[in-house]
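The values are calculated or read from the model by the stated rules, or taken from the named source; none is laboratory data. Note that the structure is predicted; figures quoted are calculated from it, not measured. Positions of Cβ are backbone-derived with ideal geometry, glycine not excepted, and every protein chain shown enters the neighbour counts. Ligands, DNA and RNA are stripped out before the accessible areas are found, and what is left, the full protein with its side chains, is counted by its heavy atoms. Shrake-Rupley method; radii C 1.70, N 1.55, O 1.52, S 1.80 Å.
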Amino acid sequence: MLQVPFIREHKDLVIERLAKRQIDATKMINEVIALDEKRRQEQTLLDNTLSESNTLSKEIGTLYKSGQAEKANALKARTTNLKSQSKELTDTLNETVEALNQLLYQIPNVPNELVPTGNSEDDNEEVFKEGTIPTLHENALPHWELAKKYDIIDFELGNKITGAGFPVYKGKGARLQRALIAYFLDKNTEAGYTEYQLPLLVNEASGFGTGQLPDKEGQMYHVTEDNLYLIPTAEVPGTNIFRDVILNESELPIGITGYTPCFRREAGSYGAHVRGLNRLHQFDKVEILRIERPENSYAALDTMVEHVKGILQELKLPYRILRLCGGDLGFTSAMTYDFEVFSTAQDRWLEISSVSNFETFQANRLKLRFRNSDGKNELAHTLNGSSLALPRVLAGILENYQTPEGIVIPDALIPYTGFSIID
């Protein structure tokens, strides 16, 4: 969440930048400042009351020691009253702090100055495009029909076992899926990211720490008996490794990667654009995360973007990069680049990765700090990116690499699959 001192010092800037999200935050920001002022006044009053109580307690002790019991007993009544006042003031202060925090939880991150103003994905800014869109043969098929033709993904069986959005990968389809996971992890570790195997369930504190709660509560699968949540992305358990941690500046930057299944309840509409692998409730994803000094985080974001570009170049998939506008920007993000691969058989772009800088927004919730060169604790910047989400990468490979003889495997993946064609 946003830091209150930042809001107080840069009120007009915060309101102006949040307008990029099509939000008029004037009322909320004014309420934050008013509640913080109320909190400050109550804290001062409480501090003064406790100070007076402590001073009187010492004075009472001195009076008793000097044999002035009558004066001491007279003061005791005052200390009893002060203790009652301090309890009331503490309760009032806690209520104000809770109201302030609940309001802060509702305010999204402030977009970076380069984020374009806009309402929706239609206003996103294309910043890069690469790759040649292949010309497919006359009887080319979308990936869900290819999956059935070559018996590599069974959507109906997944629907029988669980429900829509839970496909079953079979034979060469399963091996290709496993190959992609291993390939992505290898590329990430070669780039300096440390591999982690992470829990697939997280507690409520972890959900709040990275901003999924309360913003995306309805999109997460909730194990109510244990009050645990199935992860929507490895970002959640991965970033929460550093919750309530004070790092030494020498430990930064930190880069980690991990493969996890991901689970999202997001309600899907019907139609071709959500068929097959286009939108799932369970899917595999390899994630990269970084913890950075604030002054280095945007250079790190550029490095992450270049890293994902390098993977797509090796896979020889046509792709483009979009800088998301304010209206399409995630709640916690200050800037996000979306990667989209072109699905030739569907004649549309499919999102396959988001690379984001959250600046201090997550770190403030997580209490993720580092001790700077002056010996002071400072909030770190957090970043994450998909490297990569598998379903739409797989869809892009199946569709763009199809031939009349079968589906050719990209050269970079053959050492991982052990075969060069699905036929």
Self-check item: the range 79-228, accessible surface, carbon-and-sulfur percent (1.4 angstrom probe)
Solution: 46 percent
Exercise. Please report, in whole Å, how far the alpha carbons of the chain spread along each principal axis, starting with the longest.
Key: 105, 43, 43
Practice problem: Take the solvent-accessible surface of the protein heavy atoms, probe 1.4 Å, and return the percent of it on the range 249-346 that carbon and sulfur atoms account for. | Solution: 44 percent
Self-check item: Packing-based order for 67-78, 377-388, 167-178, using average beta carbon neighbours within 10 Å, highest first
Solution: 377-388, 167-178, 67-78
Exercise. Starting from the residue with the highest accessible area, list Arg21, Arg392 in decreasing order, probe 1.4 Å.
Key: Arg392, Arg21
Practice problem: Restricting things to alpha carbons, tell me how big the range 1-68 is in terms of Rg and Dmax, in Å. | Solution: 21.6, 71
Quiz item: Under unit Cβ charges (Lys, Arg +1; Asp, Glu -1), what dipole magnitude, rounded to 20 debye, does the range 355-423 have relative to its Cα centre?
Solution: 700 debye
Practice problem: Grab the DSSP H runs of the chain that are 4 residues or longer, score each as -39,500 (n - 2.57), total them, divide by all residues and round the 222 nm result to the nearest 500 deg cm²/dmol. | Solution: -13500 deg cm²/dmol
Practice problem: Could you state the angle between the C-alpha long axis of helix 26-65 and the longest principal axis of the C-alpha atoms of the chain, as a value from 0 to 90 degrees rounded to the nearest 10? | Solution: 40 degrees
Practice problem: Kindly sort Glu314, Glu340 by accessible area of their heavy atoms, largest first, with the probe set to 1.4 Å. | Solution: Glu314, Glu340
Practice problem: Note down, for the range 90-225, the three equivalent ellipsoid semi-axes (square root of 5 times each alpha carbon gyration tensor eigenvalue), biggest first, whole angstrom. | Solution: 40, 25, 19
Quiz item: With no solvent and one point on each alpha carbon, what is the Debye value of log10 I(q)/I(0) for the range 1-133 at q = 0.10, 0.15, 0.18 Å⁻¹?
Solution: -0.56, -0.82, -0.97
Quiz item: Counting only heavy atoms of protein chains, what accessible area per residue, in Å², does the range 57-198 have with a probe of 1.4 Å?
Solution: 61 Å²
Quiz item: Which of the lysines could a cross-linker span from Lys71 if the Cα-Cα distance has to be under 29 Å and same-chain partners fewer than 8 positions apart are dropped?
Solution: Lys58, Lys83, Lys87
Quiz item: Tell me, how many Å apart are the Cα centres for the range 125-169 and for the range 317-375?
Solution: 25 Å
Quiz item: Relative to the first principal axis of the alpha-carbon coordinates of the chain, what is the inclination of helix 171-190, with its axis defined by its Cα atoms, in degrees from 0 to 90 and to the nearest 10?
Solution: 50 degrees
Practice problem: At a 1.4 Å probe radius, which order do Trp144, Trp349 fall into by accessible area, largest first? | Solution: Trp349, Trp144
Quiz item: Can you give the Rg and Dmax of the range 148-249 based on its C-alpha atoms, in angstrom?
Solution: 17.4, 55
Exercise. Could you state, as a whole-number percent, how many of the C-alpha pairs of the range 197-318 are farther apart than 18 Å?
Key: 63 percent
Exercise. Enter the accessible area of His281 (Å², nearest 10), with the probe set to 1.4 Å and all protein chains included.
Key: 40 Å²
Practice problem: Past 18 Å, Cα to Cα, is the threshold; run Lys11/Lys367; Lys149/Lys170; Lys187/Lys285 against it and keep the listed order. | Solution: Lys11/Lys367
Exercise. Compute the long axis of helix 390-400 from its Cα atoms, compare it with the longest principal axis of the Cα atoms of the chain, and write down the angle in degrees, 0 to 90, nearest 10.
Key: 20 degrees
